[in-house]
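Undergrad: Before I ask anything, here is the structure I am working with.
The values are calculated or read from the model by the stated rules, or taken from the named source; none is laboratory data. These numbers were taken from a predicted model, which means no experiment stands behind them. Positions of Cβ are generated from backbone atoms using ideal geometry, with glycine treated the same way; all protein chains shown enter the neighbour counts.
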Amino acid sequence: MRSNALKNLLQTLLVGTLLMGLNARAQDLQVSMLTPPVTDQTSLSRVITDAKGNVHLSWVASKDDSSALYYATLTEANWSPAHLIQQGNDWFVNWADFPFLAVTDTGMVAHWLQKSADGTYDYDINAVFFDQEKHTWGQPVIIHKDGVSAEHGFVSMLPLGEGRSFMTWLDGRNTKPATPHSGTDNKEHTMAGGMTLRAAVFDRHGETLEEWELDGLTCDCCNTSSAMTATGPVVVYRDRTEQEIRDIYITRFADNQWTKPLAVSNDHWKVPGCPVNGPAVAAQGHLTAVVWFTAKDDQPKVQLAISNNDGAAFGTPILVDQGATNGRVSMAIVDSGDIAISWLHTNGKDAALKVALYSQAGKLLAETEVAGTQSSRRSGFPVITSQGNDIYVTWTDISAGSQVKMARVRFNMPPVSAD
Amino acid sequence: MSPLRYTIIALLITGVSLVGFTVIGSDALPNQMPDQASSQVPTHAPTHASTHASTHASTHAPNIAPNPRPIEALGSWKIINYWSTTCAPCRIEIPELNLLFDELAASNIQVLGVNFDEDDRKTTLRLARRLGIEFPTLNLSEVEALGLPAPSALPTTYIVSPTNEVLTKLVGIQTKASIYTLLTELAIPH
């Protein structure tokens, strides 16, 4: 009995010591609220960092049936005015499927979803490309060339250099029933296919240079994510098998072709529906990290997996949160090589927007609550980006209307990625 | 000093360290979720209550606590379907649920919809029309009053008792036949 008590004591002291160690480092963590030039009735924000280190915030302002996509740039401590990218009355606006802005070396590219003229719920991915020299946005282009009235969305983007940009998206061109053969009495449509994952490279004017189908069957409504590793772009997404296993997969562009998609982790989450909860990937050199939500056996979890070979293989998943979480993850890697993650930790209808920092070895270095928010879908998907060793995070505050918020998380600690 | 005291001291140290985990400038927000929805009530309110709720609740949904708060529809069995415009499988099952809604109109079972995306009421009703949904769509207040657990995947359909107790959670595409089978298994009169 005395032995058990001593064992319990040692275990308790060990946990306490670990927590004190974490706390000692986390005391150097600061969260500062920022004041981007956003108004009320705004949402669907995203934040990115360009190659020069400038942070760009994009968001959608809505009024009645009209939507407008804006961006503003944070240079050092100064915000630019809000710049209008595009507006319209026929956009498909959805909390989980929202615009992306990327900054290339010759300009910018942004997308939004526009309802198809002849579809009741179909929509296309429209994009505009900004010419830095002319300082103007070009004419909108539909990035997919299928001409099928179907769902297209859940875009992620990367700048590629020389004015090129990379986009990946979910493409529903195969989900529509094929037209029955003419001259027959068969009124039945043929069986429609599943959602596909596609990607393409565009030049600075929006011309398609290359296009691929990366996966012929994916989950229908989970966001995609992409990152540039030392050897090329990678795309992560929620896969779907014929048996309705919907785990997170990765495909890499290596040796001038896309690799066969592989599971980041074989969670074996069998679910005959869409979780609306996609993964996030970030890369720095050969370091590639993926964070995702899973809920096998109705047990919600946020997990992190780390690769040191451009995403070719991942280590054992690291549990970030479980039980009280609805995922909605985002990820960035800071200059020190540490991995930042954001997600929602839930408490009924309330939620905490959490940010944590992990070492490359998967050790938790710091964790904090950036803001209180709500579990509601209207609070959207928070997004993070890195600048130096800082993290910038944006989300939608729905406590009074709907307004985009932004904060900076500063980790004042020495890099410990090698531990 | 006894091992128990050592343990208490260690726990105190741990607690103090957690309290010291400070966040500078974080902005805790109010907890209340505003309801932008109108107070529209489902059009097919029940006429009488069923007596089978508690019997099946305990056997089919042991992990979901009953919700004590009534909504306008208290007293009827409910088939509550979460849909979204981004969810292709949701659209596939809508015609089946429409048929179910028609056929159960004279029963004590309501077929009700919930817009998973939580758009404002005007948008929700417009989307429901565009999707061809013929059964009533609950507003945010009614959904909150039901206290249903948020679905982790779409489509999700709940079978809810007259006392608003979740009996079954169905994930994936449902058909009229599959739901009739379930109603029979649950001994819900239809």
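Undergrad: Which one is nearest to B:LEU99 (Cα to Cα) among residues in region B:158-180 that are within 14 Å of another protein chain (Cβ to nearest Cβ) and in contact (Cβ under 8 Å) with a residue 60 or more places away in the chain? Talk me through it step by step, then tell me what you get.
TA: Within region B:158-180, the subset within 14 Å of another protein chain (Cβ to nearest Cβ) is B:158, B:166, B:168-175, B:178.
Next, only the ones that are in contact (Cβ under 8 Å) with a residue 60 or more places away in the chain stay: B:158, B:166, B:168-169, B:172-175.
Numbers: B:TYR158: 17, B:VAL166: 23, B:THR168: 20, B:LYS169: 20, B:GLY172: 18, B:ILE173: 15, B:GLN174: 12, B:THR175: 10 Å.
Going through the qualifying residues, I end up with B:THR175.
Undergrad: Can I ask one more? Just checking, how many residues over region B:129-142 are assigned to a loop (DSSP other than H, G, I, E, B), surrounded by fewer than 22 Cβ atoms within 10 Å (Cβ to Cβ) and either of a type in the set (A, V, I, L, M) or touching a residue at least 60 places away in the same chain (Cβ under 8 Å) (or both)? Don't jump to the end; show me each part of the working.
TA: In the first step, residues of region B:129-142 are kept if they are assigned to a loop (DSSP other than H, G, I, E, B); the result is B:131-136, B:138-139.
Then drop every residue that is not surrounded by fewer than 22 Cβ atoms within 10 Å (Cβ to Cβ), which leaves B:131-132, B:134, B:136.
Imposing the further condition that a residue be either of a type in the set (A, V, I, L, M) or touching a residue at least 60 places away in the same chain (Cβ under 8 Å) (or both) reduces the set to B:131, B:136.
Number satisfying all stated conditions: 2.
Undergrad: Sticking with this one: For A:ALA150, only one of the following conditions fails: (1) surrounded by fewer than 19 Cβ atoms within 10 Å (Cβ to Cβ); (2) modelled with pLDDT under 95; (3) of a type in the set (A, V, I, L, M, F, W, C). What is its number?
TA: With respect to (1) surrounded by fewer than 19 Cβ atoms within 10 Å (Cβ to Cβ); (2) modelled with pLDDT under 95; (3) of a type in the set (A, V, I, L, M, F, W, C), A:ALA150 is out only on (1).
Undergrad: If you don't mind, another one. Would you tally the residues in region B:112-127 being assigned to a helix (DSSP H, G or I) and away from chain A (no Cβ under 11 Å)?
TA: At the first step, the residues of region B:112-127 found to be assigned to a helix (DSSP H, G or I) are B:121-127.
From what is left, the residues that are away from chain A (no Cβ under 11 Å) are B:121, B:124-125.
Qualifying residue count, region B:112-127: 3.
Undergrad: Can you tell me which condition B:ALA145 does not meet? The list is (1) over 12 Å from the mean Cα position of the chain (by Cα); (2) surrounded by fewer than 21 Cβ atoms within 10 Å (Cβ to Cβ), and all the others hold.
TA: The number of the failed condition is (1).
Undergrad: Moving to a separate point now. Looking at region A:150-164 only, could you name the residues that are within 13 Å of another protein chain (Cβ to nearest Cβ) and either more than 21 Å from the chain's Cα centre (by Cα) or part of a loop (DSSP other than H, G, I, E, B) (or both)?
TA: If the condition is that a residue be within 13 Å of another protein chain (Cβ to nearest Cβ) and either more than 21 Å from the chain's Cα centre (by Cα) or part of a loop (DSSP other than H, G, I, E, B) (or both), then A:ALA150 is the only one that fits.
Undergrad: Check whether at least one residue in region A:79-88 is in a strand (DSSP E or B) and in contact with a helix residue (DSSP H, G or I) (Cβ under 8 Å, 6 or more places away or on another chain), and report yes or no. Can you show your working first?
TA: Taking region A:79-88 as the starting set, the residues that turn out to be in a strand (DSSP E or B) are A:79, A:83-88.
From what's left, in contact with a helix residue (DSSP H, G or I) (Cβ under 8 Å, 6 or more places away or on another chain): none.
For region A:79-88, residues in a strand (DSSP E or B) and in contact with a helix residue (DSSP H, G or I) (Cβ under 8 Å, 6 or more places away or on another chain): absent.
Undergrad: Output the residues belonging to region A:273-308 that are within 10 Å of chain B (Cβ to nearest Cβ), assigned to a strand (DSSP E or B) and either closer than 13 Å to A:ALA340 by Cα or polar (S, T, N, Q) (or both).
TA: A:THR294
Undergrad: What are the residue pairs meeting all of these: first residue in region A:397-410, first residue over 22 Å from A:THR73 (Cβ atoms), second residue aliphatic (A, V, I, L, M) and crowded, with 18+ Cβ neighbours inside 10 Å, Cβ atoms under 8 Å, and 6 or more apart or on different chains?
TA: A:ILE398/B:MET33; A:SER399/B:LEU29
Undergrad: Enumerate the pairs (first residue in region A:365-387 and under 19 Å from A:ALA324 (Cβ atoms); second residue anywhere and assigned to a helix (DSSP H, G or I)) with beta-carbon separation below 6 Å, excluding pairs fewer than 6 apart on the same chain, so at least 6 apart or on different chains.
TA: Correct list of pairs: A:THR373/A:SER379.
Undergrad: Next question, about the same structure. List every residue pair whose Cβ atoms lie under 6 Å apart, where the two residues are 6 or more positions apart in sequence or sit on different chains, the first residue falls within region A:78-98 and is within 11 Å of another protein chain (Cβ to nearest Cβ), and the second residue, located anywhere, is assigned to a loop (DSSP other than H, G, I, E, B) and modelled with pLDDT of 95 or more.
TA: These pairs meet every condition: A:TRP95/A:GLY380; A:ALA96/A:VAL276.
Undergrad: Moving on. So which of A:ASP310, A:ASP338, A:ASP321 ends up being in contact (Cβ under 8 Å) with a residue 60 or more places away in the chain and touching a Lys or Arg at 6+ places or on another chain (Cβ under 8 Å)?
TA: Numbers: A:ASP338 fails: touching a Lys or Arg at 6+ places or on another chain (Cβ under 8 Å); A:ASP321 fails: in contact (Cβ under 8 Å) with a residue 60 or more places away in the chain.
Testing whether each residue is in contact (Cβ under 8 Å) with a residue 60 or more places away in the chain and touching a Lys or Arg at 6+ places or on another chain (Cβ under 8 Å) leaves just A:ASP310.
Undergrad: Just to confirm my filter: which strands (runs of 3 or more DSSP E) fall fully inside region A:312-415 and include at least 1 residues that are of a type in the set (Lys, Arg) and within 14 Å of chain B (Cβ to nearest Cβ)?
TA: On the way: elements: A:318-322, A:325-333, A:339-347, A:350-358, A:364-374, A:383-387, A:390-397, A:403-411.
Because the criterion is at least 1 residues that are of a type in the set (Lys, Arg) and within 14 Å of chain B (Cβ to nearest Cβ), the strands (runs of 3 or more DSSP E) in region A:312-415 that meet it are A:325-333, A:350-358, A:403-411.
Undergrad: Checking the conditions here, which among A:ASP255, A:ASP220 is surrounded by fewer than 16 Cβ atoms within 10 Å (Cβ to Cβ), modelled with pLDDT under 95 and not aliphatic (A, V, I, L, M)?
TA: Values: A:ASP220 fails: surrounded by fewer than 16 Cβ atoms within 10 Å (Cβ to Cβ).
Exactly one of A:ASP255, A:ASP220 is surrounded by fewer than 16 Cβ atoms within 10 Å (Cβ to Cβ), modelled with pLDDT under 95 and not aliphatic (A, V, I, L, M), namely A:ASP255.
Undergrad: Does A:PRO159 fit the bill of being surrounded by fewer than 19 Cβ atoms within 10 Å (Cβ to Cβ) and either of a type in the set (A, V, I, L, M, F, W, C) or at pLDDT 95 or above (or both)? Working first, answer last.
TA: Numbers: surrounded by fewer than 19 Cβ atoms within 10 Å (Cβ to Cβ): no; either of a type in the set (A, V, I, L, M, F, W, C) or at pLDDT 95 or above (or both): yes.
No, not satisfied.
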